[in-house]
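Quick notes on the structure that follows.
Read-outs: derived from the displayed coordinates by stated rules, not from any lab. Because the structure is a prediction, the values reported are computed rather than measured. Here the Cβ positions follow ideal geometry from the backbone for every residue, glycine too, while neighbour counts run over all protein chains shown.
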Amino acid sequence: MKLTRTGVFTIVVALAFLAVPYAATLLGSNYVITLATRVAIYAIVAVSLDMLVGRSNLVSFGHAAYFGLGGYAVAISAFHLANDVPIFGWAGTNEALIAWPLAMFVAGFGALIIGALSLRTAGVYFIMITLAFAQMLFFLFVALKYYGGDDGLSLSTRNLFAGNRITDARTFYWICLAALAICLLLSWRILNSRFGMVLRGAAASERRMAALGFPVYRYRLAAFVIAGMMAGLAGALWANQNRFVSPDMLSWVRSGEFLVMVIMGGLSSLVGPVVGAAAFLLIESYLSGWTEHWQMVFGPFVLLVAVFAPRGLWGALRGKGDV
Amino acid sequence: MQLVLEQLLNGLQLSLTLFLLAAGLTLVFGIMGVINLAHGSLYMIGAYAGAWAAAKTGTFWLALPAGLAAAALVGAAMELLVVRRLYAREHLSQVLATFGLILFFNGFIAWSAGRSPLLMETPPQLSGFVEILPGLPYPAYRLAMMGVGVAVALGLWYMISRTRIGMLIRAGSDKREMVEALGVDIAKLFTLVFALGALLAGLAGVMVGPIRSVQVGMGEQVLITTFVVIVVGGIGSIRGAFAGALLIGMCDTLGRAFVPMLLKSWLSGPLADGLGGALSSVIIYLVMALVLIVRPRGLFPVSG
Amino acid sequence: MRLKSIALAGAALLSFTAAASAQQPIKIGIVTTLSTPGGYLGEDARDGILLAISEEGGKLGGVPVQTLVEDDKLKPGDAKQIVDKWIENDKVKLFTGIIFSNVAVAVVPSILESGGIFVSPNAGPSNFSGKACNKNYYVASWQNDNLHESAGALAKKLGYKKMVLLAPNYQAGKDAITGFRRMYGGEVIEEIYTGLDQTDFSAEMARIRAAKPDAVFQFHPGGQGIAFLKQWQQAGLKDQIPMVVASPSLEQRIAAAAGDAAIGIAATAHWNTDFKNAENEAFVKGFRAKYNREPTVYASQGYDTAKLIGAALKASGGKLEDDAFRAGMMKADVKLTRGPFKFNTNQHPIQDWYEIKAVKGSDGKVVLETGAKVLEQHGDAYAKDCKI
């Protein structure tokens, strides 16, 4: 098997993720791990969003909603537990293996309802209707005084993972990285399946796919729900890393940033969204640490990527020809 | 009864301000197929240039042309330097590029003009009231804003439907080759349209200067609402933008005016106040979702 | 074996840094809001802190300090990331700068868990002023409710019987109304909640006109407050219905941007440019000279925060871990720009609140003028629940 340029860079990205804990030991600071954990979590969202935007041409401008729903699912269960009113009177909600799937379920359920209504529209109208629903959820959480409203909710500890504490930065990083790997694998499997083929086909020509007898709407809805569930998982991880959630997780600015990550990284490629999430977070945090006028540098950088790298950073890295 | 009338007027006034913003966005969006997230930045630039000119010259009447010129020039420059390279690309490249522009403009204004909100006062000629009905005074400035909105709507309608340039604009959107065959430089036409859209955003920016806060980030506060308006109306349609602005402006104002009151007849005081506040925040999104579920391409879909 | 040697090396490193810390400057992490419409608040707080440091030639209380400044973009998650970075990479133990309560609520727990100290130059959310108070958490500005309690006390003093209250529909807005009601005691005809990013208030103003209150209390900080004042004047309500606000809705920059629309509005604050004491006069002069603009209440709070930190550093000889730092902090043996000040048992201020009025200055610009004292040596309602 010939090693393509894409292959080489994929291995480089993977190695970079694996090397993080060792880099932390060398540098004597766990911050590298904290930062890489954030990158991994956002990368999950970006991968899930690319499944919609890149592969299926469904530009969701409300993806932060599912991220937020996942986060709030974890935080609200923890809140009830801490106040001795566990949901359904059951203390198991502190276990990650229960709380996180619950978060995915809640986010997926939200995506099911929103997707079912939104997928009646297409193109720019789809962009805006997904935004509308996300905004409604945003204002809902701002208004929910019981759950902290605008100030959000704090978690006193992270969830237990199979009964073990995951306060250690390294342990938590490996968990997030594993979650990212699983999501990437799943996304790869899906897109190379018949299901993925139909999605891509429908993105090119909906009419043809419908004529071939595929229920395009149902396929798209399924993709929307799967992407929502992945974003929900990322939200649950984010809530655990930061130990708080706030309506800020669901804001339209956040949805916009997710989109920017995916586009900047490169659409319709497995690794592109991961690269986009990493580039966005690392460059933004580096610049804002360097100057208070970071926007004046970061803005033009984003602009240049848009103009000169039509296939995103990943597309530029792996060069022409390779797909 | 008088209160209802006053609130209707408030709604109309908000609608017409929204229309100024939406008209430019829908032109650029519908005709050139460009999603310009930085439309709000042009509104901010108009307001800043206006406030700056007003502070230097002491009169609003010079602020107005300054704001218009600044927004139109920046708009034209944006088209020539950035947007032009992206016509052939997917919408998403435009989203990325104009997102970068938002960051840049916000950073640039904070760096050059400072972070303090700027002073911009109502022109003395318009600072009084007009008694529209006996016992119902209405601020003259808001009436003037409404007048400007109506004038712009009529002007645009005339330009699009009755003039040669309007014909070219209409044709340019989907029959590029034909327009070029007529010997028209379509690139120039697009620069012109983009600058016109920017000018309208700048006009909105200067006009709201005396009643809102001229500050960094003011563009993003109106951006989403503007998108809501053009989507509800049907993208690319000036008529749609007008209808959308009316619907959204009215629903927003009347929601804030009467929903809490209606809730109060059912619920206890504080609960109704809080819930009413929450409901009136989401009302425009609710309206948009409903419109799109019933009419997936907006109220006035543009054919093609 | 390997683990042990790492541990030994670590211990050696620790003892080395401990020995070196006598000369090493104390790092102060300033995480604050510099972008978004709220950016000018953070800018002023930061500049106030930096002014105090530069006046002492890079020291506070005679101890050399080094500052790290970063923009939290008004996003709690970003603020947390910055704080994590400073804790891990730069071993920062002393933090300040946060402006907005929702950022503080998210970030303060991780600072305290790392063994760090936080001195707030602005946000004083109720979350940490009662049961969850902490010996390493100080608020140099006010407990959030104080702002609105003082406005309520002023409204009562001015004899308003029926009022309409307005605030944005988020947590701080709801707290504002609760705080106002606590000291006001009169009848509230209506509470009106406005939107998060709302810029047009004509509908609310028509409702107020119809409700015919004696006076109005509104809480809209920053740009929203400016828009509200402008539209209030334009609607002709300014001459009909008196307005009472708390300091975030009428500070120096709001007054400058609202112009004539601000004149006649009654506010309350714990500091104003015209306070007659030597510290304040020096501060206002120094701030104008260094930054070429008028200081706001946020700038004075930043400056006072730095002065309080200076007092504590002086008492502890530059050691943060020591109880001496806390003792020095609580003693607050330093003159502040706002005058008499002491820390309550929950480490929030006890201070005076004054009536502030916007009037037309001699140069035609709006100035804020201090009036009578509204509340004397006022603490907060949460201190009794705090057991440190």
Unit Cα scatterers, Debye sum, the range C:58-152: log10 I(q)/I(0) for q = 0.15, 0.16, 0.20, 0.23 Å⁻¹: -0.60, -0.68, -1.01, -1.25
Total charge dipole magnitude, the protein assembly as shown, about the Cα centre, Cβ charges on Lys, Arg, Asp, Glu only, Debye to nearest 20: 1980 debye
B:G236 long-range amide H proximity, modeled H, under 5 Å: B:G30
Helical contribution to [θ] at 222 nm, DSSP H n ≥ 4, -39,500 (n - 2.57), averaged over the protein assembly as shown, rounded to 500: -20500 deg cm²/dmol
nm² value of the averaged projected area, convex hull over the Cα atoms of the range A:97-251: 10.3 nm²
Longest to shortest principal axis, alpha-carbon extents of the range A:5-318, angstrom: 56, 46, 37
Approximate shape of the range B:222-278 as ellipsoid semi-axes (Cα gyration tensor, √5λ), whole Å, largest first: 31, 10, 6
Extent along principal axes [Cα atoms of the range C:92-231; Å; largest to smallest]: 54, 30, 19
Residue exposure sequence - B:E131, B:E220, C:E369 - by fewest surrounding Cβ within 10 Å: B:E131, C:E369, B:E220
Geometric extent, Cα atoms of chain B - Rg, Dmax (angstrom): 20.0, 69
Between helix C:222-234 and chain C: long-axis angle, C-alpha atoms, 0 to 90°, nearest 10: 10 degrees
Burial ordering of B:M78, B:M120, fewest other beta-carbon atoms within 10 Å first: B:M78, B:M120
Nearest-0.05 FRET efficiency for C:K360 and A:T291, computed from C-beta distance (R0 45 Å): 0.70
Overall Cα dimensions of the range A:275-323, principal axis frame, Å, largest first: 40, 19, 11
Isotropic mean projected area of the C-alpha convex hull, the range A:242-318 (nm²): 6.0 nm²
10 Å Cβ neighbours from other chains, averaged over peptide A:260-270: 2
Chain C, dipole about Cα centre (Lys/Arg Cβ +1, Asp/Glu Cβ -1), debye to the nearest 20: 520 debye
Histogram of C-alpha separations across the range A:7-51, 5 Å bin width, %: 5, 21, 21, 23, 18, 8, 3, 1
Listed residue pairs exceeding 22 Å between alpha carbons, taken from C:K27/C:K384; C:K157/C:K212; C:K276/C:K357; C:K331/C:K384; C:K135/C:K319; C:K93/C:K319: C:K27/C:K384
Relative frequency of Cα-Cα separations exceeding 21 Å in the range C:163-240, percent: 22 percent
Residue (of A:N164, A:L58, A:V74) at the positive-pole extreme of chain A, dipole from beta-carbon charges: A:L58
Which of C:L336, A:L221, B:L271 has the fewest Cβ neighbours within 10 Å, and the rest in rising order: B:L271, A:L221, C:L336
Percentage, to the nearest whole number, of Cα pairs in the range C:72-117 over 17 Å apart: 20 percent
Cα Rg over Rh - the range C:222-338, Kirkwood: 1.13
Amide H contacts of A:L144 (H built 1.01 Å from N, under 5 Å, at least 5 apart or other chain): A:G149
Fraction of beta bridges assigned by DSSP in the protein assembly as shown that are antiparallel (%, nearest 5): 45 percent
Leading residue at positive end of dipole, the range B:2-294 (Cβ point charges), from B:G166, B:L12, B:S116: B:G166
Rounded, prolate or oblate (a/c below 1.5 giving rounded, otherwise prolate when a/b exceeds b/c) for the range C:126-198 by Cα gyration tensor: oblate
Percent antiparallel among DSSP beta bridges (both partners in chain C, rounded to 5): 35 percent
For the range A:35-43, Karplus couplings with θ = phi - 60° (6.51, -1.76, 1.60), whole Hz, Gly/Pro x: 5, 5, 5, 4, 4, 4, 5, 5, 4
Over chain C: Rg over Rh, Cα atoms, Kirkwood Rh: 1.00
Alpha-carbon gyration tensor eigenvalues x 5, square-rooted, for the range B:135-281, Å: 39, 17, 15
Rounded to 10°, Cα long-axis angle of helix B:269-294 versus longest principal axis of chain B: 30 degrees
The range B:1-62 - convex hull of alpha carbons, volume per residue in Å³: 122 Å³
10 Å Cβ neighbours from other chains, averaged over peptide B:77-90: 2
Whole-number D in µm² s⁻¹ for the range A:128-194, Kirkwood Cα-pair radius fed into Stokes-Einstein, 10 °C, 1.306 mPa s: 102 µm²/s
Acute angle (nearest 10 degrees) that the helix C:202-211 long axis makes with the longest principal axis of chain C, alpha-carbon atoms: 60 degrees
Long-range HN-HN contacts of C:I28 with modeled amide H, under 5 Å: C:Q66, C:T67, C:L68
Semi-axis lengths, Å, the protein assembly as shown, gyration tensor of Cα atoms, sqrt of 5 times eigenvalues: 42, 39, 27
